[in-house]
Each structure stands twice: as C-alpha cells, then as structure tokens.
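The values are calculated or read from the model by the stated rules, or taken from the named source; none is laboratory data. On a predicted model such as this, the values are computed, not experimentally measured, just so you know. Glycine gets a Cβ as well: all are built from the backbone with ideal geometry, and neighbour counts include every protein chain shown.
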Amino acid sequence: MTIYAKSFIALDGNQRLTGATTAQISPYDHYTCHLCGSALVYNPEWVTSRPWFEHTREDLTENGRHHCPYVHLEPEEARRIRMLRRYMPDVLPMVRKADWYCSGCNSDYHGERYCVDCRTGNHSTEIYQS
Ligand SMILES: [Zn+2]
Ligand SMILES: [Zn+2]
C-alpha cells in the first residue's frame, strides 16, 4: 500500500503557487506539485473545509517518483501513520517543514526536504537552531 502525504499548496494552470483554500474559491482544472511537477488531484472537502491536493501513482513524474517528499515519507512519519491507521483508517501523513542545508548546492532553505536547485532532498540535512 502506498500512502502519499497531503499537500496544501500547488501550482495552478498559470504556474502560480496557490493554496488549497484559494482553489476552493477559484478552481483550476489542472494542478501540479510545486516541487516535483506531478499532476495533482484536488480534494475540495466542502464538508470539513480543509481542502488539499493529492499525488496519484498514475500521474507521478520521474522526479516525483524518486524525490518528492510528498511521495517519500520520512520514516518516523510513515511509522506514526501506520500506528494511527489502526484507529483512523483514513488518516494521511503530513510533510514536515524545517530548515535544511543542501551539501550538493551549498545552500540553505526552508520548507519541505527538497532542494529546488538539485531537485532532490538526498543531499539535505536539517539545520538545528540553537
Ligand atoms: Zn510532488
Ligand atoms: Zn541542492
């Protein structure tokens, strides 16, 4: 079983970054992941009013399949979700945001563990603030 994390932002049809709540008000017919470029499915969630975007296996880009943090969960988060699912079968993982340092590009950034310059999080390590 593959579980992808919920995403709350995406690129709309004009390549503009848009939030899931904005998408409820002015929806586009096409959304892509702001990191890996995979086509996303929009879940408007009218009832709970907590809309989100979803990666699907069929529409993953090559980069997404290998590097997107919404596709590759951190091991701790995957463990947490497996536990929670015993009681809440529909629960979906979240992607943690933090400060990262990419040793491949010698740069630091904030957000998901995914360096937009080398298009992977493989060379990124977390920066712990003292
Ligand atoms: Zn992605
Ligand atoms: Zn990098």
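For the stretch 21-41, a tally of residues being under 22 Å from residue 115 (Cβ atoms) and in a loop (DSSP other than H, G, I, E, B) returns 6. Looking at the structure I just gave you, is residue 80 under 29 Å from residue 14 (Cα atoms) and of a type in the set (Lys, Arg)? In short, no. Across the stretch 100-115, not a single residue is classified as more than 11 Å from ligand 1 (Cβ to nearest atom) and in contact with a helix residue (DSSP H, G or I) (Cβ under 8 Å, 6 or more places away or on another chain). Among the residues of the stretch 2-42, those identified as among the aliphatic types (A, V, I, L, M), at pLDDT below 90 and over 16 Å from residue 60 (Cβ atoms) are 23, 25. The residue that is farthest from ligand 2 (Cβ to nearest atom), counting only those in the stretch 77-121 that are part of a loop (DSSP other than H, G, I, E, B), surrounded by 15 or more Cβ atoms within 10 Å (Cβ to Cβ) and at pLDDT 95 or above, is 95. Is one or more of the residues making up the stretch 42-57 in contact (Cβ under 8 Å) with a residue 12 or more places away in the chain, in a loop (DSSP other than H, G, I, E, B), of a type in the set (Ser, Thr, Tyr) and outside the structural domain of residue 8 (by TED's automatic domain parsing)? No.
Please specify each residue of the stretch 1-20 satisfying the condition of being among the hydroxyl-bearing types (Ser, Thr, Tyr), in contact with a helix residue (DSSP H, G or I) (Cβ under 9 Å, 6 or more places away or on another chain) and under 18 Å from residue 112 (Cα atoms).
In the first step, residues of the stretch 1-20 are kept if they are among the hydroxyl-bearing types (Ser, Thr, Tyr); the result is 2, 4, 7, 18.
Then keep just the ones that are in contact with a helix residue (DSSP H, G or I) (Cβ under 9 Å, 6 or more places away or on another chain); that gives 2, 4, 7.
Listed by number, the residues that qualify are 4, 7.
Summed over the stretch 24-67, residues that are of a type outside the set (Val, Ile, Thr), surrounded by 14 or more Cβ atoms within 10 Å (Cβ to Cβ) and within 15 Å of ligand 1 (Cβ to nearest atom) total 21.
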